[in-house]
């Protein structure tokens, strides 16, 4: 957020947010948007897996990088990643169709300025809203958005800690000002406004749920009578979903997509994760050495300005049966679990990548938040925010789960803390892997490193801190 904006008085910030809301409403929610939303909604029950070759050919016909005229050409096209795209940027680009630029996140130092055409903008927002329409949410539904970005000066010490955006129908609640002294104000404002829909990053919503429990405000949270909570932009872990649903007493539904628009996966009414087959063509490529883990590789149908074909998103999903069908009656493919970024995997001493880190806490219901930091192969530190009823038994469950999944030779420490690291954009990475790629590829040896510790006790390879500060 611009420093000049953050330094403005609240009334001017309110005015600017609403002027911006008017601008994006006109740009996103036009007649083309509603026509595409209607089209996606009509196709929802009938769409089936399969390549829409005509769209691929149309998108790439002016590209110097892609030469696709047949299905054979498509499958002979190279699988590309962000680095390859950046190296061939000008060859992929079609400047005649550029309407605006998006910036992809660069959490691994590899951000991308991504050009999009007009059709892409309204198609991407239409696919977001197709998911929301499943749960009776419309563009006229008010949303309590617990926003990760800074919308108010961090030094602000009195309410309101939110801005009402009239044109986008959003209450933008600042997560930066959310703490044990302000959480009641947030809940009271949502209750007073009679908002029935809440949205945010999984980590932010989990922080909110944790604060509500710590301040004994669970009854007030239930009095909000939320009908639905939605989440996106981060991997949702089972322990987060469990905590959030327990505190608010309503269902949480997730939506998976990315700025590049090459894949979209949404949770249906029955709780299954479906591929949006009409939005893009998604390939699932088997991860070597696994039984049911696949890389997400996607091809956009709607961006003539910068068509990405067979683009490796870096995300991994778990699929038990590629031919499975959901009881909801849709024909689209089903994903069992979104494991997250490839960088979210832990690295064993021999260089093996192990995903599904959220499973470590699946049987520990009183883990409120968690984060894993790995600096060297074969070892990691697990940072855990404990719930009120967290017990030694749950600790042992976590130890057993880590040992079973990673092996007895994997060294790990458990650190109990009240704070976890967040990125500048407000997101929280569940696994922070600081191992250099060269060290992984070359199978470099582990370097022992020292920890500053306080009031520590050892249990095997596990180090318990009574407190920790970053």
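Read-outs throughout are calculated quantities, based only on the coordinates presented, and are distinct from any laboratory measurement. Predicted, not measured: the structure shown is a model, and the values here were computed from it. So basically every Cβ, Gly included, is an ideal-geometry build from the backbone, and we count neighbours across all protein chains shown.
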Labelled set [x] 270; [y] 161; [z] 147; volume of the Cα convex hull per residue in Å³ computed from this model equals the value at [y]
I want to check the label-to-label distance for residue 139 and residue 321. Put each point 7 Å from Cα in the C-beta direction and report it in nm to one decimal.
4.0
Sequence of 270, 223 once ranked by neighbouring C-beta atoms within 10 Å, starting from the fewest:
270, 223
Label-point separation in nm, residue 400 to residue 38, each point 7 Å along Cα→Cβ
5.7
For the chain, averaging the sequence separation of alpha carbon pairs under 8 Å that lie six or more residues apart and dividing by its residue count, the contact order in percent is 13
Separation of segment 75-89 and segment 232-303 by C-alpha centroid, Å?
23
Theoretical gain in end-to-end length, residue 285 to residue 220 [0.36 nm per residue, Cα-Cα removed]
18.8 nm
Looking at the chain, send over the antiparallel percent of its DSSP beta bridges, to the nearest 5.
60
Starting from the 7 Å offset along Cα-to-Cβ, what nm value, one decimal, do you get for the label separation of residue 418 and residue 389?
2.3
Report, in deg cm²/dmol and to the nearest 500, the calculated mean residue ellipticity at 222 nm for the chain, where each DSSP H run with n ≥ 4 adds -39500 (n - 2.57) and the sum is divided by the residue count.
-8500 deg cm²/dmol
Estimate the FRET efficiency between residue 99 and residue 363 by the formula 1/(1 + (r/R0)^6), using the beta-carbon distance for r and 41 Å for R0, to the nearest 0.05.
0.30
Starting from 0.36 nm per residue, how many nanometres of slack lie between residue 27 and residue 12 once their C-alpha separation is accounted for?
3.1 nm
